[in-house]
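The values are calculated or read from the model by the stated rules, or taken from the named source; none is laboratory data. Just so you know, these numbers come straight off a predicted model, no measurement behind them. Neighbour counts run over all protein chains shown; Cβ positions are idealised from the backbone, glycine included. Side chains are part of the model used for accessible areas, which takes the heavy atoms of the whole protein and leaves out ligands, DNA and RNA. Shrake-Rupley method; radii C 1.70, N 1.55, O 1.52, S 1.80 Å.
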Amino acid sequence: MAISRKERLRKLVEVQEQLKALHETRRAGFLAAAVSADEDARRLAARFDEEESLAALFPELYHRRIASALAERDRNVELARHEAGLVAQATLRTNMVERSYRQSSREEERRQEDRQRLEIIEGKLARS
């Protein structure tokens, strides 16, 4: 049995929505990782300034860890920005496929209505 265009488009809409959700989830993960890295950098900087901190003994270690946390934050922000672009692309594709699906649905409904009218006309002609 052949699958109608409408069914193929409906399935494609579902796939596009799943892809969009995947990119949104990944973006949220990257943003959460960026916030976490930023908090780590702030926490390390606050400890660096404390009186009883070991920062005086190992200042280069603290600076390296803070720089690493800030670099991780920046990397995750950039990855989140990239995912936002992918979300936008997925949204456009989803909208385009949804429009095609709605158009296909309308065409299929129109064909069914035309068939029903023809059957009614043929029935009346057969009785005449």
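Tally Lys/Arg at +1 and Asp/Glu at -1 over every other residue whose Cβ is under 13 Å from the Cβ of HIS23; what's the total?
Result for the neighbourhood of HIS23: +2.
What length, rounded to one decimal in nm, is gained on full extension from ARG99 through to VAL35, with 0.36 nm per residue of separation minus their alpha-carbon distance?
Full extension of this stretch gives 19.3 nm more.
Compare the Cα positions of GLN112, LEU125, SER36 along the charge dipole of the chain (+1 at Cβ of Lys, Arg; -1 at Cβ of Asp, Glu; about the Cα centre) and return the one farthest towards the positive end.
LEU125
From Cα coordinates alone, what are the radius of gyration and Dmax values for the chain in angstrom?
29.5, 107
Rounded to the nearest 20 Debye, what is the dipole magnitude of the chain about its Cα centre when Lys and Arg each give +1 and Asp and Glu each give -1 at the C-beta?
Approximately 1220 debye in magnitude.
Which percent of the accessible heavy-atom area of the chain goes to carbon and sulfur, probe 1.4 angstrom?
In the chain, the share of accessible area belonging to carbon and sulfur is 55 percent.
Any idea how far apart ALA67 and HIS82 come out in nm if each label point goes 7 Å out from Cα toward Cβ?
Using points 7 Å along Cα→Cβ, the separation is 2.3 nm.
What FRET efficiency comes out for the pair ARG26/ARG110, r = Cβ-Cβ distance, R0 = 35 Å, nearest 0.05?
After rounding to 0.05, the efficiency reads 0.30.
Multiply the residue gap between ALA56 and LYS11 by 0.36 nm, knock off their C-alpha separation, and tell me the result in nm, one decimal place.
Gain on extension, ALA56 to LYS11, equals 10.0 nm.
What angle do you read, to the nearest 10 degrees and between 0 and 90, between the alpha-carbon axis of helix 5-48 and the longest principal axis of the chain?
That works out to roughly 10 degrees.
Report, in degrees rounded to the nearest 10, the 0 to 90 angle that the Cα long axis of helix 59-127 makes with the longest principal axis of the chain.
10 degrees
If you roll a 1.4 Å probe over the heavy atoms of the protein chains, what accessible area per residue do you get for the chain, in Å²?
76 Å²
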